[in-house]
Amino acid sequence: MTTFRRTVSMLLGSVLLGASLAAVVSVPARADLTPTERITPAQGCHDLVPGWNGVKVGLVQRRLGMPASTWETMDAATVGRVRSFQSTRALRRDGVVDRATWQALGIPHDFCVDAHQVAPQLGLGATAVERRETFVRAAESYLGAEYVWGGAGPEALGIDCSGLVLQALYAAGVDPQPISVDLHPRPAYRTSVELYRLPGMSTHPLSQVRRGDLVFYTKNTTGVVNHVAVYVGGGMLVEAKDADVHHAPLQRTLPSQTVVQTVVRPFTPVGTEADRRYVSSLYLDYLGRPAGAHERDSRALELVDGTWSRHGLSRELATSEEYLGSVVDRAYRDVLSRPADPAGRAGWVRELRGGLPVSTMSSAFYASREHYLRSGATPTDASPWVVALYREILGRPPGQAEVDHWLREERLRGRLHVAAAFHGSQESLLRRTDSLYRHLLGRGADAHGLSTWPGVVSREGDLSLAAHLTGSPEYYARAQGR
């Protein structure tokens, strides 16, 4: 798109948006949005009067030889060209493109091309997730299409930002009346403004944006909405802007627009009661507290709409700062018999979030001078410390030969090596595996689990096993009775 065309885009994007749209066009009251298999048929076949916009205007301008950079609106220049053409064809010289003028121009498209509407692609029984995915796919099907001011398709003829959203809603079986392709190209009517304030679609903070949400932008000089895009996930949008329909990052700085901090959600999947119970169980097991109502409902919704799998949500909680903070607190309490100091706690949480295995942190705690002295060991006698490692890590008393072996290792290789060897031992791995089974599934580990998981815990850490167990069908079923 030329610089001129971009400048006109910014100007037209704000024209009359602050005015009352009710004064421009009268529209009926609308009912709540409900799925449909039949979109209200568009009238189309509109005469192109001064101020009209859209694909038909663009076709007329191209037929009259106007530059490709010309904005698709019936401005004074376009009306003048139409009058000049009409005067050569014995047509009424009023600058309005009616059916007769259209046919005289020889445009190879039907005069009623402005009635184009995408047919719904789903039955009434489709879920909110299915509608959302159809909506996103429909929007992305326009990638590469030319940007046309006031355009609403067909794809080959171009489309603008809100026309893109309108047709994608149709594909998903939503008819956002009174917004329509008939109103979309009218002078001073701005579909993006109407979509932003349309009842029947929920609003959410931008920080909670989800796939399928509508993201709006305002013009910096007016503060009025003048652009809309579809969030497709992964920090990306699909939008019709500047030259064409394309993907763009949500987090970006635009010279003349600011993203609105509220998104509109056309499709709101509802989490099931079983998922809510599952989420509540996860919070109790990972965070040691009940989930708040918002946490429970939003996480259950994320399971339904595919944001997380059960295993993925388990991993998310198992690597959350809240859970890792509780792991650090427990290490201070169990190993050092005291609360964590703020600096130490923050440092260990940072290390764990960076990928440090919990067993490595625990080894450092057990090897610390503080734990060594607390066990009753002295600079010349480490045997009480070795005994404490057996008791606290392996849950049993040692034999004398075992103590003697580790005393030699401590003298030769140091306390950290010894503590890490205890944590990495098969005996410790089996014990930790069985403990997680009992805590999360309410039963001891079976033979398959004891033969499989200790090796995984050794390679990937305890949190990997915890996430596997809480993501399992067995844990999900158990959560229903808690």
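Structural remarks
- Per-residue Karplus couplings for segment 102-114, computed as 6.51 cos²θ - 1.76 cosθ + 1.60 with θ equal to phi - 60°, are listed in order as 4, 5, 5, 5, x, 5, x, 9, 5, 4, 9, 4, 6 Hz, Gly and Pro entered as x.
- Computed from backbone phi with θ = phi - 60° and the Karplus coefficients 6.51, -1.76 and 1.60, the 3J(HN,Hα) list for segment 123-132 is x, 5, x, 5, 7, 4, 5, 5, 5, 4 Hz; x is used for glycine and proline.
- Taking amide H as placed 1.01 Å from N in the peptide plane, THR70 has no amide H partner under 5 Å among residues 5 or more places away or on another chain.
- The calculated Kirkwood hydrodynamic radius for the chain is 27.3 Å, given to one decimal from all distinct C-alpha pairs.
- For GLN257, residues with placed amide H under 5 Å, excluding near neighbours: ASN220
- Those trypsin sites (Lys or Arg not before Pro) in segment 235-329 that DSSP places in a loop and that have at most 12 other beta carbons within 10 Å: ARG252
- In the chain, Cα pairs under 8 Å separated by at least six residues give a relative contact order of 12 percent.
- Compared with the dominant Cα axis of the chain, that is its longest principal axis, helix 426-441 is turned about 50°.
- Degrees between helix 447-460 axis and first principal axis of the chain (Cα, 0 to 90, nearest 10): 70
- Solvent-free Debye scattering, log10 I(q)/I(0), computed from the Cα coordinates of segment 128-265 at q = 0.14, 0.18, 0.19 Å⁻¹: -0.56, -0.99, -1.13
- Amide H partners (placed H, <5 Å) of GLY233, local residues excluded: GLY212
- Here the 3J(HN,Hα) profile of segment 466-482, calculated from phi with Karplus coefficients 6.51, -1.76 and 1.60 at θ = phi - 60°, is 4, 5, 5, 5, 6, x, 7, x, 5, 5, 4, 5, 5, 5, 5, x, 7 Hz, Gly and Pro shown as x.
- Measuring between their Cα centroids, segment 390-451 and segment 226-293 lie 44 Å from each other.
- Per-residue ellipticity at 222 nm computed for the chain from its helices equals -13500 deg cm²/dmol, with DSSP H segments shorter than 4 residues left out and the rest contributing -39,500 (n - 2.57).
- Within the chain, the cysteines lacking any other cysteine Cβ closer than 4.7 Å to their own Cβ are CYS161.
- Degrees between helix 400-413 axis and first principal axis of the chain (Cα, 0 to 90, nearest 10): 60
Only the coordinates and a few stated rules stand behind these numbers; no lab work does. Not measured: the values here are computed from a predicted model. Here the Cβ is made from the backbone with ideal geometry for all residues, glycine too, and neighbour counts use every protein chain on show.
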